[in-house]
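Here the structure is laid out as C-alpha cells; the discussion comes afterwards.
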Amino acid sequence: MKALTFTLVAEPPERLDLSLLTAERLAGIERRDFEKIRIGMSKHGSKVGDIFRVAGNNLLDIVFEGGSARLDRVAEAMRGGSVRVVGDAGAQAGRAMRGGTLTIEGNAGPHAGSGMRGGRLEITGNAGDHLGAPLAGELAGMNGGVLIVRGKAGAFAADRMRRGLIAVLKGAGDNAGSRMIAGTLVVAGGTGEMPGYLMRRGSILLDRAPKSLSPSFVECGAPESVFAAVIDRHLIAEAILKRPLLGNAPQKYGGDNAVLGMGEVLFPR
Amino acid sequence: MPNVSVNGIVIDDTFAEAFGMRATAIIITAPNRKWARQAAITMTGFATSVIGCGCEAAIDVELPPSATPDGRPGCRVMIFAMGTDELQKQLLNRVGQCVLTSPGSACFAGLEGSAALKLGSALRYFGDGWQISKKIGGRHFWRVPVMDGEFLCEATTGLTKAAVGGGNFFVMAETSARALLAAEVAVAAIGLVPGAIVPFPGGIARSGSKIGGKYKGMIASANEAYAPTLRGVVRSELGADINAVLEIVIDGETNDAVAAAMKAGIKAVIELGPKRGAVRISAGNYGGKLGKFIYSLKDMLP
C-alpha cells in the first residue's frame, strides 16, 4: 500500500484543523470521502479536497507534502503508525499523541507535543512556545514519549512535564522546564531566564551553565554520576546527540526550593 | 558401553544428574575493574550450595566497558535458587548489603526472563524519600543518594525458570597437586562459557557429598566411595592409582549452557593429559531418577 499523501496545493486561506486526518479518525471513513472532510476553521469552511491533493491509502503512513504555519493539530492523539510533515506545522502538532512517530521537517508552532503520553515526535526546525506543555487550564503537561526539537524552542518548554524525554538542541527560551513535576528535559545551546522555575521534581540537563537560575536553586556539588553516563549514552544511541552532554561528573543545582525542591539542573563543569 | 580412554585419561561410563532451578543475573559496574570484581565477589560470597547458603552464585563473565550500560568495567553475576521467593530474598539481601555498599557501584538487569524480580524498586527505600525514579529508553532506574554520589540501580531484573543446577564432573588424579591443576584448567575453560557458573571456592569442591547420612538431620554427608583414605575400608569407587578427587559443580542459565560448560571443562582436562593432571574423569548422579537433566560423559567428550 502506498502512503496516504496530502499534497498542499496552495497556501490555505484560513487556519486548518488537521486532527481528523489521523489513522484512528480516518479508519471509519471511506477513502473516496476523504476529500469531503471539513477542516477549515472559519467561514470559508475549507474541505480536504480544497486544500490538498490526496493520493495513496495507507493510513499507517501519512504524509503531508508541503507545510504551512496554518496546519494546526497535525496528528493529534495519534496512537500508531507514522505521520510526516514535509514543511512547517501550526499549533498543537502531535498534541496528546500516545504512540507512533510524527516527524515535522520544518518549524512547528506553539504547544507542539502538548500533553503527549507516548510515541516519538521529532521537529527538525524550531518549535514555538509551550513545547509539550498543557493548554491553559490543564493540569498536566507531557506525560510520556520522546520529543526532539533539532532547532530552537520558545518559552515555557516542558512546562508541567510529568514523564518522558524532551530534547531541544539549539537552545530554549525563558522558563524552560517551569513547574516540572518529573521527567527529563535536555537543552543544548543555552537557555533563557530561569530554567526550572517552580519545578518540583525532574531533571533539566544542559550543555552549559544556565545564564540565570531562580535564587531558590541551591548548589549541590558535582560527584561522579552513573546516571549522567547512562543518559549520555542513551542520547547518543537514539541519535539525538552526537557527543556526550554531561560528562562523568556534572555540576548539580537542586530546586526549586520555592516548591518541593526535588528537581535538578545538571550541566558539565 | 565400557569405559573409554581419551589421551590416556579414563572416562567413566556414567553421567551427571542435574536439577531444574530458578536463576537471575545482574550486571554490576564500578569505576574500574578492581571494584566491579570486588562488589561481585562480595555479593557472591557464601553462595556455594543451596544446601546451606540459600542460593548458588558466582561471576558469569567479566564485561569490558563497551559491553556495559554505563560504559564502565563490569561483571555479570548469576544467582541460582530452588524457588522464586528464595531467589528474590537472596538477590535483595546480597545486592543491598554488598553492591549498594561498594564504592562507585551501579547495578543493572542482566537477564531478560519470563518474569521480573525486584531490584531497585525495593532497594530504593534506602533513599528515605530522596530517591529519584528515571525511565530511560523503556528501562526504569532508581537513583539512591549515597555518600559518594548516587547508587544507580535498575528497577527490576529478569527471572528464568529454565535454569539448571548441579551439572558436574570429577577429576581424579594420582596426587592432590595434579587433581588441583586439572580442576583449575577446567574452571578456567568454563569461565569463558557464557551463562554458566561454578559456585564453589575457585570453582572447585573437594567435599563431594552423598544425600543424607547416619546422623539424624544431616542433609548431605561424606561421599566415602570417593574418599581415598577410605579406599580399603568401604566399597570404594577408586582404583589403586587415585589419591585425590575434586568435583566441578556447574549451574547454567539453560540446559545447553551446562552442557557447553561440561564439554569445555572436560576438554581442558583431557588436553592437560594424565601426566600433569587427571588420570580419570567421572561424574556424580543419583541413579538418574531424581534429576530432570542427564549429561552422559561420553556425550561431553571433545
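If the elastic network links every pair of Cα atoms under 10 Å, which of A:89, A:176, A:23 fluctuates the most in the Gaussian network model of chain A?
The residue that fluctuates most here is A:23.
Hey, got the dipole for the protein assembly as shown? About the Cα centre, +1 on K and R Cβ, -1 on D and E Cβ, debye to the nearest 20?
340
Starting from the Cα of residue B:220, step 7 Å along the direction of its Cβ; do the same at residue A:224; then give the gap between the two resulting points in nm.
Going by the 7 Å Cα→Cβ label model, 3.8 nm.
Quick check: Cα centre of segment A:190-215 to Cα centre of segment A:241-269, how many Å?
Using only Cα atoms, the two centres lie 8 Å from each other.
Taking each residue of A:155-161 in turn, how many C-beta atoms of other protein chains fall within 10 Å of its C-beta, and what is the average?
Mean inter-chain Cβ contacts per residue within 10 Å come to 0.
Work out how much length residue B:125 to residue B:234 would gain on full extension: take 0.36 nm times their residue separation and subtract the Cα-Cα distance, in nm to one decimal.
Separation in residues times 0.36 nm, less the Cα-Cα distance, equals 33.6 nm.
Can you compute the helix-only [θ] at 222 nm over the protein assembly as shown? Use -39500 (n - 2.57) per DSSP H run of at least 4 residues, normalise by all residues, nearest 500 deg cm²/dmol.
-4000 deg cm²/dmol
Which residue, chosen from B:243, B:50, B:64, occupies the Cα position most advanced towards the positive end of the dipole of chain B, where the dipole is computed from +1 (Lys, Arg) and -1 (Asp, Glu) charges on Cβ about the Cα centre?
Result: B:50, furthest along the dipole toward the positive end.
Mind checking which lysines have their C-alpha under 20 Å from residue B:89, skipping anything on the same chain fewer than 8 residues away?
Of all the lysines, those that pass the test against residue B:89 - Cα under 20 Å, at least 8 places apart if same chain - are B:118, B:161.
Can you grab the distance from the C-alpha centre of segment A:48-105 to the C-alpha centre of segment B:28-67, Å, no decimals?
51
How large is the charge dipole for chain B, taken about the Cα centre, if only the Cβ atoms of Lys, Arg (+1) and Asp, Glu (-1) carry charge, to the nearest 20 debye?
Dipole magnitude for chain B comes out near 280 debye.
Taking the mean number of other Cβ atoms within 10 Å as a proxy for protection, how do you rank B:214-226, B:26-38, A:1-13, B:259-271 from highest to lowest?
B:259-271, B:26-38, A:1-13, B:214-226
Assuming R0 = 60 Å, can you tell me the calculated FRET efficiency for the pair residue A:42 and residue B:115, based on Cβ-Cβ distance, to the nearest 0.05?
0.60
For chain A, what number of Lys pairs, 8 or more residues apart or on separate chains, have alpha-carbon atoms under 22 Å from each other?
Qualifying lysine pairs in chain A: 9.
How many angstrom lie between the Cα centre of segment B:145-223 and the Cα centre of segment A:120-145?
Cα centres, segment B:145-223 to segment A:120-145: 53 Å.
Using a 1.4 Å probe, how large is the accessible area of residue A:52, given in Å² and rounded to the nearest 10?
Residue A:52 exposes around 10 Å² with every protein chain in place.
Considering the options A:247, A:267, B:14, tell which one lies farthest towards the positive end of the dipole of the protein assembly as shown, charges being +1 on Lys and Arg and -1 on Asp and Glu at the Cβ, about the Cα centre.
My answer, from the dipole projection, is A:267.
Give me the accessible area per residue for segment A:73-267, probe 1.4 Å, as a whole number in Å².
35
Other chains near B:125-137: what is the mean number of their Cβ atoms within 10 Å of each residue's Cβ?
Average per residue, whole number: 4.
The values are calculated or read from the model by the stated rules, or taken from the named source; none is laboratory data. All of these numbers come straight from a predicted model, not from anything done at the bench. Glycine gets a Cβ as well: all are built from the backbone with ideal geometry, and neighbour counts include every protein chain shown. When the accessible area is computed, the model is the full protein with side chains, heavy atoms only, and any ligands, DNA or RNA have been set aside. Shrake-Rupley method; radii C 1.70, N 1.55, O 1.52, S 1.80 Å.
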